[in-house]
Structure formats: structure tokens, C-alpha cells
1. Only one of 38, 63 is within 11 Å of the chain's Cα centre (by Cα), modelled with pLDDT of 95 or more and either away from ligand 2 (no atom under 16 Å from the Cβ) or open to solvent by less than 40 Å² (accessible area, probe 1.4 Å) (or both). Can you tell me which?
2. Scan region 85-114 for residues that are open to solvent by less than 100 Å² (accessible area, probe 1.4 Å) and touching a residue at least 40 places away in the same chain (Cβ under 8 Å) and report the count.
3. Against the condition open to solvent by 60 Å² or more (accessible area, probe 1.4 Å), away from ligand 1 (no atom under 16 Å from the Cβ) and more than 24 Å from residue 114 (Cβ to Cβ), how does residue 45 come out, does it pass?
4. With the checklist (1) of a type in the set (A, V, I, L, M); (2) assigned to a loop (DSSP other than H, G, I, E, B); (3) touching a strand residue (DSSP E or B) at 6+ places or on another chain (Cβ under 7 Å) in hand, flag the one item residue 48 doesn't pass.
5. Return the residues of region 20-42 that are without any contact (Cβ under 8 Å) to a residue 60 or more places away in the chain and either of a type in the set (Asp, Glu) or within 11 Å of ligand 1 (Cβ to nearest atom) (or both); say none if nothing qualifies.
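The values are calculated or read from the model by the stated rules, or taken from the named source; none is laboratory data. Since this is a predicted model, take the numbers as computed values, not measurements. Backbone-built Cβ (ideal geometry, glycine too); neighbour counts: all protein chains shown. Ligands, DNA and RNA are stripped out before the accessible areas are found, and what is left, the full protein with its side chains, is counted by its heavy atoms. Shrake-Rupley method; radii C 1.70, N 1.55, O 1.52, S 1.80 Å.
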Amino acid sequence: MEDCIFCRIVRGEIPSDKVYEDDRVLAFRDINPQAPQHVLVIPKRHIASLNDAGAEDAEILGHLQLVIPEVARRLGIAGSGYRVVVNTGPDAQQTVFHIHYHVLGGRQLQWPPG
Ligand code: 5GP
Ligand code: ZN
């Protein structure tokens, strides 16, 4: 059993504000939102980062990405638009090593990002 903050959220040991859940994927609101809508979408199975994903993870990560538009619809931002970010490694300032897809929206986002 992984001693990882997002694994603990999956197990319900840490509460979270869920917006979507199925047997393989969980989406919940970021505790420190960077936009009016900011949700993290994670596989329930522990994968540390994109760098640690392998061929065996293709199906779960494909499924996760297909869930994102449904999450966006539930947040009311599917039409207005949103950004999907997967911070990976030090330069991207990844802080939690359980892969997570940030879904950000509800305001005009800037490009390039900081
Ligand atoms: P990273 O910097 O690794 O891409 O993103 C980690 C994200 O997880 C941050 O945006 C941070 O606010 C969020 N986060 C960290 N701990 C918790 C938590 O316990 N609950 C929730 N909902 N979000 C968390
Ligand atoms: Zn984990």
C-alpha cells in the first residue's frame, strides 16, 4: 500500500471534494486553486509521474484523458475552454509524485505559462 498523499485520497483517508469517480479514475478539486475551476484527475493506481508510465499504463492514461471532457462539462467549462497540465520533474515543479492531470479553467488563461 502506497504511503502517498493521493493514494490516501483514493482510499478516503484524506477527504477530497470529488467531481468525478469511476473504478479507475478520481477527479477532485485542488486544495490551492490557481483558477476559478481547478481540478486534479488521477488514476487510482499509483504511477509516480509521466516519466514512470509504461506500456502497461496506456489503457488507464487513455481512459483518464477521455474522462477530462466529462470533468470539464461538470465544471461548466467545456465550452469556454480549459487547460490540461501534467507537471513532470523539477523544472515543472512537480510536488506530488502520483501522476495528476491539472484541469484549469473559468478565466482567460495566459500563454506561455510561467
Ligand atoms: P504539482 O505541483 O505536483 O503539479 O501539483 C500538486 C497539486 O496538488 C498542487 O496544485 C496542490 O495544491 C495539490 N494538493 C497537494 N496536496 C493536496 C491535498 O491534500 N488535497 C488536494 N485536494 N490537493 C492537494
Ligand atoms: Zn499514490
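1. The match here is 38.
2. The total comes to 13.
3. It is true that residue 45 is open to solvent by 60 Å² or more (accessible area, probe 1.4 Å), away from ligand 1 (no atom under 16 Å from the Cβ) and more than 24 Å from residue 114 (Cβ to Cβ).
4. Failed condition: (3).
5. 21, 22, 23, 26, 28, 29, 31, 32, 33, 42
Every residue, every condition in (1) of a type in the set (D, E, K, R); (2) under 13 Å from residue 102 (Cβ atoms), yes or no:
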position	(1), (2)
26	no, no
29	yes, yes
45	yes, no
53	no, no
62	no, no
79	no, no
